[in-house]
Structure formats: C-alpha cells, structure tokens
Amino acid sequence: MVKGTATMTPDRAGPGQDDGSPAAARPLRAATAALSQLVGGLGTALTALPVLLLLAVTALTAPAGIGLLLAPLALRALHALARRERARLTRVGSEVVPPHPPPPTRTRPALADPATRREVRWLLRHSTAGLLLGTTALLLPVIAVRDTTFPLYWRLLPENATATSIGLGQAHSWPQALAVSLLGIGAIAVIVGLTPGMARLQARPGRALLAAGPEEDLSRRVAELTATRAAALDAHATELRRIERALHDGTQNRLVSVTVLLGAARRQVARDPSRADEILERAQSAAEQALAELRTVARGILPPVLDDRGLEGALTGLAAGSPVPCRIDVDAPGRRAASVEATAYFVVAEALTNIARHSGADRATVTVRNRGGRLRVRIDDDGRGGADEGCGSGLTGIRRRVAAHDGTLRLTSPVGGPTTLEVDLPCGA
Amino acid sequence: MEHEERPRPVPAGEPHGLRVVIAEDDPLLREGLALLLRAESLDVAATAGTAEEALAAIEAHRPDVAILDVRMPPTHTDEGIRAAVEARRRRPGLAVLVLSAYVEQSFATQLLTGGVGGLGYLLKERVGRVEEFLDALHRVAGGGTAIDPEVVAQLFTRTRQDTRLERLSPREDEVLALMAEGLGNSAIAARLFVTDGAVHKHIRSIFAKLDMSPADQVDRRVAAVLHYLEDARRRTP
C-alpha cells in the first residue's frame, strides 16, 4: 500500500506526505520529478508540431480534394498522440479518462465530434506553450551547470565570448566571473522554486481537454456500476442456487434415504424382526451422513472461522491443519465482501487438501494480495505436479464458485512440478 | 399422507411382482430404493444414474414401471421430467413414476400433457410410507394415476376463490383432493373411513356442483378433476 505513493511526482506529492527523506531533500526531489515530467511533455510537444502541420495542410487542401484523402491519416495521428499524452499524464498523476467511445477517424463524424475538437485545441496549446515550457525545462539545468561553474573555466574561453548563458555581457575579471556564477545559482533557484508550477502548467491543457467530458465520464461510470452490480447479483443468485442444490440433492436425499430405510425396516420387522437390525443400522448411518452434509452445507455458506478471525486468521488455521508444512503470506488489509473472502478461503482449503492428497510436496506457500480492487490468491507447492482438474478433485466446484464471483482461476501443473494455482477475484468494493 | 400406516406381513422371496427400472443419481438413495423394492419382491431390472442410462435401460428391460428422479446430471434441473416425456413418446402407455425433492405444479402439468394414464408424480419422501408408495406404484403400473397431495394442495390454494369450489362441503373437498391424487373409490373410502356408497354419493354431488360430467374410469376422472382445477386456476388471478 505504502509503495504506491513512494514514487513522488509534483501532481501527487501532497504536503503531508512523508517518504522518509530529509526535509531539505524533498524540494530537490520534487524539482527533479518536475523536470523529468516537463521534458517528457517536451517529447509529445515536439511530436505535436508535425501533427499540427499535417492537420493544417489537410484543412488548407481540403477544398482541392487532397485534404479529404489526408484527413483519416491526420486524425489517426492526432488520436494516437492524444492517447500517448493521456498515458503519460496518467503515469505521472491522476488518471486521464479517455473519451468513450474512441473519437472517430472519418472526416465527417470527426468534424462534429466534441472530443476531437478538444484534442485539436490541446494540440495548439501543447505545441506552443507546452513546447516552450518543455524547452525551458531542458535548458535550465544546462544553464545552471554552465554558469555556476563559470569561474572554473572562464579564463580558457576566447576573448569577447558571451559570458552568460542568456547571451548578455562578457566577463573580463574575477568579480565578473563570480557574478556569472551567481546567475547560475539563480537558475538553480528557478529550478527548485518554479519547475513544479511549470510542470502543472504544461500538464493543464492535457488534463482539461484530453479527459472525457464530465457528462460522458458520469454516464460511463453509471454503465460500469450497472455492469458490476448485475455481476454481483448474478454471483449472489448462483450462490443461492448452489446452496439450494446442496440442500435438495445432498442433505434431503440423505434424509429420504433414512425414511426409505426406516420404511423398509418396519416392513422387515413385520416379516422377520431378527433381520431388521441390519436395515436400521443403514438407516442410522444415513441419518449421520445427513448431519455431516448439513454441517458441510452450513460451513459452505460461510465458514464461522472467517467471521471470527478474518481471512488471514482463517487461512493460518487452515495452514496449521495441513499435513504439508505451509507458509501463509497475507498482505491484504481491510475486509472484503463475506462471499469473496469465503471463496478465497475455499480455494485455499481445496488446494491444501489436494496438495496433501496428491502432490507429495514437502512444502506449500499461500500468498494473498489485495491490488487494484482485486483479491489475488496464489498457492504454490513443490510436489510432483501433473494435477488434473478433471480427475475427481474439488477444483471444478472451486472454479464454478470463482466464476460466480466473476473471477478467474488458473492452474499450472507440469508433470514433475511445481504446481501453482492462481485465483483472481474482484472485491466488489 | 395423513393416516397411520400399519405394516402387515408381506412374504419375501423370489421376485414375482412388477418389473421396475430405477433412475436416481444419488447412489445411496438408489441402492436404498432398490433394497426396499427387492425386499417387497419387486423385480428391479436395472438401476440408472442419468436420464440417458434410464432411457437405455427402459429400452432394454421393458419394465412395467419406471421410477425417475427429476434432477439428474448433467444440469440437475428437470432431466427426469424430460426423460419421462421422452420415454412415453417412444413407448406410449409406458408407466412412469417421477420422484422429486420438491413438487412443482408446473412440472405436473408438463408431465400430464401426454395423458394422465400410467403416470405418477410424488415427493421422494413418500417412499418411506412403504405401503402407500407400493399402492401408488401398482396403481401407476396398472394405468392409473398418482399425484402427490402437495401438488393437489398447490392447485387448491390457487383456486381458492373459485365460486363453484366454494359450494363444496368440507367432506366433498377431501374427496375431490383424493380424486385428484388418482385414488379409486374404494381407496378413497378406506382413507376417509367411510363406505364405498358414501364416497359414490359425494362424487356425484361434486360433479353436479362443478358442472362436470361424471367419468366412470378413474384416470379419465383424474384428468377431468385436474383440468377443472387447472382451468379454475387460470380463471382466478
């Protein structure tokens, strides 16, 4: 969790954040990040120039017909550059959500497309102001180094050479040379004091114009939420169906067996009481099985230990009960929906059972991570591998359960080992 | 089933009774059923775990009656119902008793579309009341009908507002329900501890009150009653 904020950027670095560096180093670090961001912006700004030129040529030659042929090419170049800028801005700061659907590459729809028009406006600003800011950012460190160190080499320069980087004045004496180095120090001050602001200024058109419009963003978000909600309801229904089936086809069948056997036993008592005991014995064992099934079904709905001790505690309990030594490594702070944690729990339980039964492994490792709204569970063992989902393992049931939560399950088990089972579950947060 | 069953001595021995095929995916229950029926001297010709196996076994053994579980692999939904319909399509008049963990009136309707003769639809747990179950099995094998009281109760609950049904006396209600289950006059009389003559009188009265023409054969009577209840259900919202 902490790692995510360790790469400081001007966009992200708030005043309250502490990455453990001394207070004096922080502005320097911010300035370095700002400089690299500005130079990155210079990259797209330089590419923006030919794209702008292409667009201009397209627009001017459109009446002659050539522009109409050029238009798709120019639009594609524009969109590609915008995509690159979005990705760059997303890397250094908050996400720039692309418009949806993607902007058109055909002339007529593009002319009416607001997203495309916003891209053109960005192109104009980025290829001018953005280019200027980026160039300045590239030159500032050069100026700083050249001028600050000027006293070290000024005497080697030919007479009448321009002394300062900005092209003014000449140095003919030590005090003058020292004054030049003061200019260099001024450049350093500009770097430290102003580059973070310059970086924000350079990023502003992109952030404002390349992101999807506010209305569009919202409707897309609604669509996403609707989809996830439908998936959640689906998972819920599947879960209920599983429980219903377990009760009807499992537990109830056992109880029906009990009544069938009891019925048979009563008939046997009427015929030959001495032989009834055998049937009663079977009836009793069927009743015991019904109880065991009922326990399994109840536990399958939600293992009580999960509620009492959380996912890590529950998994530690599983590992302690495993005949194969098992290391548990859980780094997933917070709680998730009970059904998601229960699924993770059953994945691990089933995997450890299979490892103990079939793998011949000496040790197993369970890793649980919580990344980007997904719970990732990975179980490794050093056994002989060759695990096959089809061969009566409980993996099929586990896969169904994972699928019900819109998750994925991957089993890698070459003959000779090792075996890795990976499960990825959306947390529905 | 509401009345107390009194087991009476039944001689066990060589199979001389009905020839039966059992389809049930739960192995323990399948074996339990086979054990019970064999102890009752029925000829359990084959047992099956899926609808496909069941259809093959019915082809091969030509049983007097096939006992089918509703939910079987692969989808565990209504394989048994579909297998029953299919088996009766291939061999018209084949007696089929469908067993289910729960009964659903719509399944009953689906089953009954091909005629009610030689058809049974019962809750699994009815098997435990061995004598009544054997009664139902024989009735079905003989071309009669056995509809679970639960299904009949569902039909009755949904037709509560039918004005003509309200004209029936409580006793006539009971008789109508037993008729719908597929019981004959003497069986109804035994259930209600009355004489055959009294049952006969009740039935005439019911047919009169519901404007139904009296049917002499039991299965035609069941069809008439079930159709009446179905129609009444459709009439009432």
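Here the range A:223-300 is treated as an ellipsoid with the same Cα gyration tensor; its semi-axes, largest first and in whole Å, are 43, 10, 4.
Suppose every K and R has +1 on its Cβ and every D and E has -1 on its Cβ; what is the size of the dipole of chain B about the Cα centre, in Debye to the nearest 20?
840
Averaging Cα coordinates gives a centre for the range A:338-374 and one for the range A:80-98; these two points are 37 Å apart.
With runs of 4+ DSSP H residues as the only contributors, calculate the mean residue ellipticity of chain A at 222 nm using -39,500 (n - 2.57) per run, divided by the residue total and rounded to the nearest 500.
-21000 deg cm²/dmol
Arranged from fewest to most other beta-carbon atoms within 10 Å of their beta carbon, A:Thr116, A:Thr195 become A:Thr116, A:Thr195. Exposed loop sites are taken as trypsin sites (Lys or Arg not before Pro) in a DSSP loop (any state but H, G, I, E or B) with at most 13 other beta carbon atoms within 10 Å; the longest stretch of chain B without one runs B:1-159. Think of the range A:223-300 as having a plus end and a minus end, set by charges on the Cβ of Lys, Arg, Asp and Glu; of A:Leu255, A:Ala230, A:Pro273, A:Pro273 sits farthest toward the positive end of this dipole.
Dipole magnitude for the protein assembly as shown: about 2940 debye, using +1 per Lys or Arg Cβ and -1 per Asp or Glu Cβ, origin at the Cα centre. Estimated purely from DSSP H runs of n ≥ 4, each contributing -39500 (n - 2.57), the mean residue ellipticity at 222 nm for chain B is -15500 deg cm²/dmol once divided by its residues. For A:Cys326, the residues whose modelled amide H falls within less than 5 Å of its own, excluding neighbours fewer than 5 places apart on the same chain, are A:Ala364. Taking the convex hull of the alpha carbon positions in the range A:303-426 and averaging its projected area over all directions gives 6.8 nm². Ordering A:Ala212, B:Ala84, A:Gly317 by Cα displacement along the dipole of the protein assembly as shown toward the positive end leaves A:Ala212 in first place; charges were set at the Cβ atoms of Lys, Arg (+1) and Asp, Glu (-1).
When B:Val85, A:Val142, A:Val423, A:Val57 are sorted by how many other C-beta atoms sit within 10 angstrom of their C-beta, beginning with the fewest, the order is A:Val142, A:Val57, B:Val85, A:Val423. When A:Glu350, B:Glu59 are sorted by how many other C-beta atoms sit within 10 angstrom of their C-beta, beginning with the fewest, the order is B:Glu59, A:Glu350. Using the Cα centre of the range A:233-323 as origin and beta-carbon charges of +1 (Lys, Arg) and -1 (Asp, Glu), tell me which of A:Ala264, A:Ala246, A:Ser285 is placed farthest towards the positive end of the dipole. The Cα lying farthest towards the positive end belongs to A:Ala264.
In order along the range A:337-348, the Karplus-derived 3J(HN,Hα) couplings, from 6.51 cos²θ - 1.76 cosθ + 1.60 at θ = phi - 60°, round to 3, 3, 5, 5, 5, 4, 4, 4, 4, 5, 4, 5 Hz, and Gly and Pro are given as x.
Each principal axis of the Cα atoms in the protein assembly as shown has its own extent, and those three values, largest first, are 138, 68, 44 angstrom. Loop-located GluC sites (Glu not before Pro) in the range A:286-322 (DSSP state not H, G, I, E or B) with no more than 14 neighbouring Cβ atoms inside 10 Å do not occur. Placing unit charges on the Cβ atoms only, positive for Lys and Arg and negative for Asp and Glu, gives the range B:19-147 a dipole magnitude near 400 debye about its Cα centre.
No lab work stands behind these numbers, since they all come straight from the coordinates. Because the structure is predicted, anything quoted here is derived from the model rather than measured. Methodologically, a virtual Cβ is constructed for each residue, glycine included, from the backbone with ideal geometry; neighbour enumeration extends over all protein chains shown.
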